[in-house]
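Here the structure is laid out as structure tokens; the discussion comes afterwards.
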Amino acid sequence: MNVIAKSLGSSTHTKHTTCAYCGVGCGIEASINEKDRSIKVNGLAEHPANLGRLCSKGSALDQTISLNERLLEPKINNETVSWDAALDKVANGFKNIIEQHGPDAVAFYVSGQLLTEDYYVANKLMKGYIGSANIDTNSRLCMSSSVVGHKRAFGTDTVPGCYDDFEHAELITLVGSNTAWCHPVLFQRIKKYKENNPHVKVVVVDPRRTQTCDIADLHLPINLGTDVWLFNGLLNALNLQNKIHSDYVQQHCDGLDDALAQAQKSAGDMATLANNLGVNIDDLTQFYNWFCQTEKSVTLYSQGVNQSSSGSDKVNSILNCHLATGRIGKPGMGPFSMTGQPNAMGGREVGGLANTLAAHMDFTEDNVQRVQRFWQAPNMATQNGLMAVDMFNAIESGKIKAVWVMATNPVVSLPNADQVKRALEKCELVVISDCIDQTDTGDFAHVKLPATGWSEKDGTVTNSERRISRQRSLFPPACHAMHDWQIICEVAKRMGFHDAFNYQTQADIFREHAALSGFENSSAANHKLRDFDISAFAQLSNDEYEHLQPIQWPVNNDFPNGRDRFFANGEFFTENRKAKLLAIEPKLPKNLPSNDYPLRLNTGRIRDQWHTMTRTALAAQLNQHISQPYVEMHADDAKQHKLLEGELVRVHSKWGEMLAPVTINSQLKSGDIFVPMHWTAKLSRTGRVNPVVNPEVDPFSKQPESKHTPVQVSPYQAAWFGFVLSREEVTWPECDYVVSAKGSSHTRLELAHSKTLNNPIQTMLQWLGFENEQALQAQNLELLSFEDPALSTYRIALIDNNKQLHAVAMLAPDTQLPERTWLASQFAQPELNDRARMALLSGYAPAGEDIGRIVCACFSVGENTIAKAVKKGCCSPQLVGEKLKAGTNCGSCVPEIKAIIANG
Amino acid sequence: MTAKLVIIGNGMAGAKLLEELTANDHAYDITVFGNEPYGNYNRIMLSPLLAGEKTINDIMIFDRPWYEQHGISLQAGEDKTVVKIDRLRKRVITKDGEITPYDRLVIATGSNPFMLPIEGADLDGVMSFRDIRDVENMISLSKRHKKAVVIGAGLLGLEAAMGLTDRGMDVTVVHNTNIPLNRQLDEEAGSLLQHALETRGLNFKMNASTLALKGQERVEKICFADGSELEADMVVMAIGIRPNIQLAQDCGLYCQNGIVVSDTLQTYDPSIYALGECIEHRGETFGLVAPLYDQAKVLANHLSEHGVAQFQTLPTATKLKVTGIHLFSVGNFLGTDTSESIIYRHSQQGVYKKIVIEDNQIIGAVLYGDTQEGPFYHELLDQQMDIRPIRPYLMFGQALCEAQSEIMTSTTQNNTEVAA
């Protein structure tokens, strides 16, 4: 049924949209209540990506749409201004700098969170009108190595397969991907499929034993960065076992011999190989045998492969194996690049990367002219621009003088992140457009432009399997927010490019984008020059656009209903229509551990947070799973550094440092440590990991080596650890370690510091905003306190005059603080009952049964306890006394005991 | 012939002894002498009686028929006061001249209230707070007079003061330190108590030293060392008790502050035993009910010739019997130079709790406002339990400590299993 919106009564109706987060691109059915601007989200059963499923993050989208943290008005130097003033400032600022220093003195740093239509106009403005290719994207950090790999092998950036392949495969190899946490819905699909088909084998290749290994038949914990050895070894094994698909290779591929020769050379004998990889030789043999014997093989890979100084080579070493066996483009077969962002693929399609031009075209002379003809552009960029890391280096060095950051947070996410700060600090004009007001990057902005966020944005996104879906607005733009494409077009118009950016709707942009994809996209032999072709949409009506159903590109005359797979019969997009196998020489990460920096830092995602947490951290529910940054390390390493679980550790590299608690996890390899990438300076004082990460990049993709940085760790000598839970916002205390997390009715701070507190109870009161105990009276707050000074343990709670919990603060000399979960739940109680109040400072829910009102004061025996004993047969005060001692001392309660017996 | 057991004293210790003896098969012909004309009543309940919360019937433990049913001869009343013990002939003589022989004698004469030896102590309207007669006296005076002074802010004094306040009198408590109930409370708990009682209408004159009581026949005012005076129609002295050892001394039994007894409650005369507030055991005298009960059990055991039990003095917990006031204290709640304290406060709710720890054992506790866990701390104190494993949970009670211990135990077990 082709229904995208249906009414559920006057104020509630539903709309179909897509999730804001990862590259799985799940469909969502949102029930919208316009009155209170709230929604309920459910997985959309009809969407082919998720078939009704949603993960924890997607399910919590309803909690992220409040306007509290939003940027809702344009600001210049943090002063609210009119849109005209802000847009003029940006347009004039860019224009002046371009006039004085040329177009390469400006840059856009954009995001896989933008919709395709936003992305398209940003790319068009920079590459066709400003005349520079200095537009790069945070997708650089996530899949640019895959782009290079695809292009080198296939001629185009083509994902050959689709999700359906995972449900037809007999061997699923997950490489460098914690699918269970990072792409949970796809993981669930694989898990379900494997449950129903027990013969299906799952192999996980990951230095860490992650949750993904729960479904693994085999886990190969290869050493960080050694993927090429593994897949060269596999190619060699395929050859040795005569599994090369000679027909396919002969007809459709070049380069096998060289690739094989190199593979043979680097593989060596199995014992050496296993040793180099750091895996068990039997496991390795098992994997090779399974792969050799299983035609229906899918190999999914993600950041563990891409984020490397040899990321592109890793990708090609995987593609080699699938090309050599012809296992590509057929059901249940193929390599599969899993992208991180909801619209990284859309960004690739419009060409929103500094090393692509547009619509899957690179900067060849032909392409530049072609696009110029299409756009009628006055200032075509003719060559690659600066890519993320280089772009921020150029900003720091002053080559780039104006930068516009859209929907991303590079101060948190780029490697060597303090360099990004330095760069932005020096930059003449920093513009951000974002839906969130307070971000680490926003702190450096001269101009802040309020963009619409998910639930308001409207356009298209493309997921990892090339499926274009509509993301629909559920609400009109909040306050003064504008859609990114509108903001970009307004600036473009003010820069003098009125006609080229005078779109009325996002559908106008989509149609132009579709038309460009089909523009001059046929060879003399009448085959497509470029894989990306959605020319069938060039004439889409507004209504058809509104009702567009999820579809896998290409969508053109040849494939009017889209296309699930590529390359089963070759037809690659290279000159000779053949794929290219590459001879890949394995390389270790750029910076290797040394005496000074003996450990290897690996970074990644956690289950319930997204990127720099600007939105997911708004959802209390998502802050529960893991609420603090952490440094995961093997027990042996922890022991060697004299670290216990939960203690703080400094991680430092040549580039910077961070501070976070230790989590001991011997599923990691000794020598490796893992830190989540998410925490920002807005949420933690010292939890940003990227200042530590080396800014090394892949020479071809320029993707940073975020998975490998040599580091040293040292214990942080904390004098105390503490936490605060408060109904009201709390200013961060002056201490070295602070992490804040939002709860449903409270804010939580985790704290630690190296200096002892003189007056702990009073200090905690001051944290909560009260100079001393007397100051509580003004707000009718009651103080509960607990102290065990000999153990340096101090706890307080504040209760308001409605018996509601107002705040809790606790201090200990070590990490042995009570769990926060139960305490946090008490903020949701409209009134604390007596038992909860008395248990509060224990941090534990009231233990044991409710004994009821005390009847026997001498032995503290309660009414409920006595009544229970009576029911069990204690029918006289004497028997009650024998059983419970009640009434056997002063005896004054005996009449009451008699009454209970009488009522019993 | 059945051996004759004579018990002098029909107070709480005597009654408990009877209860213990009759609960087991004893082989005695028992005679009990009491100088109050009642059966046996719960003296602890005098305060609720004074406050009007209970009646005399409510506080009776054993009424006269009980004695008959159990074949015990009760000789109660002023005339039946034992005035002499004739150890040589093994018999006791009452005021009205009755002579009763014994094979074994138990002295349970209790204590006398201590009266300040000051000018005017013998005036009308000056009394102690010890027995039903005192209570009746106070109730009748409260109906005709307005102003009362209670000397002594101990348990009895405060209970008397509140009782009189409840009966409509304007009552001032006079105390010689700055902390009410200073034997039971530390300064902080004491001040919470004082505040609570003041809220209920009681007045306090603290750090006061009483010089004299003045009046014609009746007491009219009380004079203090600082020169101040208070009008008083009634003065209740509740400043302590002295073991009642007159009879014992007269018959030459060895006494110090009390009648000195062994661990089996035997005096220096092997036929004579003593228990309750009249005794001295290993240098200690007694004023609370719990040790009396323990003594009664030991003595009954001994008299029944089971002969294994020994009395041992343990720290005793105290409570104030004033409705709505909850306090508990046990052991050394003030602490030592080397002790550690764990403190919980919720001042607005009038809650203050302190546990004193030394060498990882509880040595004392004072609880004000929330006394539920008092018996638990008392038990840990008695058992000299190493509280380290439960220290973080201790303040929050037995249930949490047990729940956490279970978790710890099961974790340990799991670990052991893994290790095995």
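For this structure, a couple of remarks:
- Lone qualifier among A:421, A:399 - being touching a helix residue (DSSP H, G or I) at 6+ places or on another chain (Cβ under 8 Å) and in a loop (DSSP other than H, G, I, E, B): A:399
- Residue tally, condition part of a loop (DSSP other than H, G, I, E, B), more than 12 Å from chain A (Cβ to nearest Cβ) and surrounded by fewer than 18 Cβ atoms within 10 Å (Cβ to Cβ), over region B:37-66: 3
- Qualifying residue in region A:372-384 (condition: under 18 Å from residue A:703 (Cα atoms), touching a residue at least 60 places away in the same chain (Cβ under 8 Å), assigned by TED's automatic domain parsing to the domain that holds residue A:115 and crowded, with 21+ Cβ neighbours inside 10 Å): no
- Residue among A:605, A:530 that is closer than 24 Å to residue A:669 by Cα, in contact with a strand residue (DSSP E or B) (Cβ under 7 Å, 6 or more places away or on another chain) and surrounded by fewer than 22 Cβ atoms within 10 Å (Cβ to Cβ): A:605
- Residues of region A:200-207 include at least one that is at pLDDT 95 or above and over 24 Å from residue A:316 (Cα atoms).
- For region A:256-263, the condition of being buried (at least 24 other Cβ atoms within 10 Å of the Cβ) and within 24 Å of residue A:703 (Cβ to Cβ) holds for at least one residue.
- Condition broken by residue A:58, with the remaining ones in (1) under 23 Å from residue A:400 (Cα atoms); (2) not assigned by TED's automatic domain parsing to the domain that holds residue A:510 satisfied: (1)
- Options B:389, B:375: the member that is over 20 Å from residue A:850 (Cα atoms) and within 13 Å of chain A (Cβ to nearest Cβ): B:389
- Of all residues in region A:611-626, those satisfying the criterion of being within 14 Å of residue A:688 (Cα to Cα) and out of contact with any His (no Cβ under 6 Å at 6 or more places or on another chain) are A:611, A:612, A:614.
- The set of residues from region A:761-810 being away from chain B (no Cβ under 13 Å) and in a loop (DSSP other than H, G, I, E, B) comprises A:768, A:769, A:770, A:771, A:772, A:802, A:804.
- Hits in region A:462-492 (condition: free of Cβ contacts under 8 Å to residues at least 60 places away in the same chain and either crowded, with 24+ Cβ neighbours inside 10 Å or over 25 Å from the mean Cα position of the chain (by Cα) (or both)): A:476, A:486
- Residue match in region A:703-726 (condition: more than 22 Å from residue A:309 (Cβ to Cβ) and among the charged types (D, E, K, R)): no
- Wholly enclosed helices (runs of 4 or more DSSP H) of region A:811-904 bearing at least 2 residues in contact with a Cys (Cβ under 6 Å, 6 or more places away or on another chain) and either without any contact (Cβ under 8 Å) to a residue 60 or more places away in the chain or away from every other protein chain (no Cβ under 13 Å) (or both): A:877-884
- Test set (1) without any contact (Cβ under 8 Å) to a residue 60 or more places away in the chain; (2) touching a Phe, Trp or Tyr at 6+ places or on another chain (Cβ under 6 Å) - residue A:441 fails condition number: (2)
Conditions tested, residue by residue: (1) closer than 30 Å to residue A:550 by Cα; (2) over 19 Å from the mean Cα position of the chain (by Cα); (3) among the small types (Gly, Ala, Ser).
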| position | (1), (2), (3) |
| --- | --- |
| A:388 | no, no, yes |
| A:392 | no, yes, no |
| A:429 | no, yes, no |
| A:440 | no, no, no |
| A:460 | yes, yes, no |
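- Number of the condition not met by residue A:524 [criteria: (1) modelled with pLDDT of 95 or more; (2) small (Gly, Ala, Ser); (3) not in a helix (DSSP H, G or I)]: (1)
- Restricting attention to region A:394-413 and to residues that are of a type in the set (S, T, N, Q) and either in contact (Cβ under 8 Å) with a residue 60 or more places away in the chain or in contact with a strand residue (DSSP E or B) (Cβ under 7 Å, 6 or more places away or on another chain) (or both), the residue that is farthest from residue A:656 (Cα to Cα) turns out to be A:408.
- Test for residue B:83: is it exposed (fewer than 15 other Cβ atoms within 10 Å of the Cβ), β-branched (Val, Ile, Thr) and not in a loop (DSSP other than H, G, I, E, B): yes
- When residues in region A:453-503 are screened for being hydrophobic (A, V, I, L, M, F, W, C) and either in the same structural domain as residue A:328 (by TED's automatic domain parsing) or touching a Ser or Thr at 6+ places or on another chain (Cβ under 6 Å) (or both), 6 of them pass.
- Applying the condition of being aliphatic (A, V, I, L, M) and within 18 Å of the chain's Cα centre (by Cα) to region A:682-723 and asking which residue is surrounded by the fewest Cβ atoms within 10 Å (Cβ to Cβ) yields A:683.
- Any pair with Cβ under 6 angstrom, 6 or more apart, that starts in region A:324-335 at a residue that is at negative phi and outside the structural domain of residue A:465 (by TED's automatic domain parsing) and ends at one that is small (Gly, Ala, Ser) and in a loop (DSSP other than H, G, I, E, B): A:330/A:568
- Leading residue by the ranking (surrounded by the fewest Cβ atoms within 10 Å (Cβ to Cβ)) among those in region B:375-390 that are among the aliphatic types (A, V, I, L, M) and out of contact with any Cys (no Cβ under 7 Å at 6 or more places or on another chain): B:385
- Flag if residue B:353 is surrounded by fewer than 23 Cβ atoms within 10 Å (Cβ to Cβ) and facing chain A (nearest Cβ under 10 Å): no
- Condition met for residue A:434 (under 24 Å from residue A:501 (Cα atoms) and modelled with pLDDT under 95): no
The values are calculated or read from the model by the stated rules, or taken from the named source; none is laboratory data. None of the values given here were measured: they were computed from a predicted structure. Cβ: placed from backbone, ideal geometry, glycine included. Neighbour counts: every protein chain shown.
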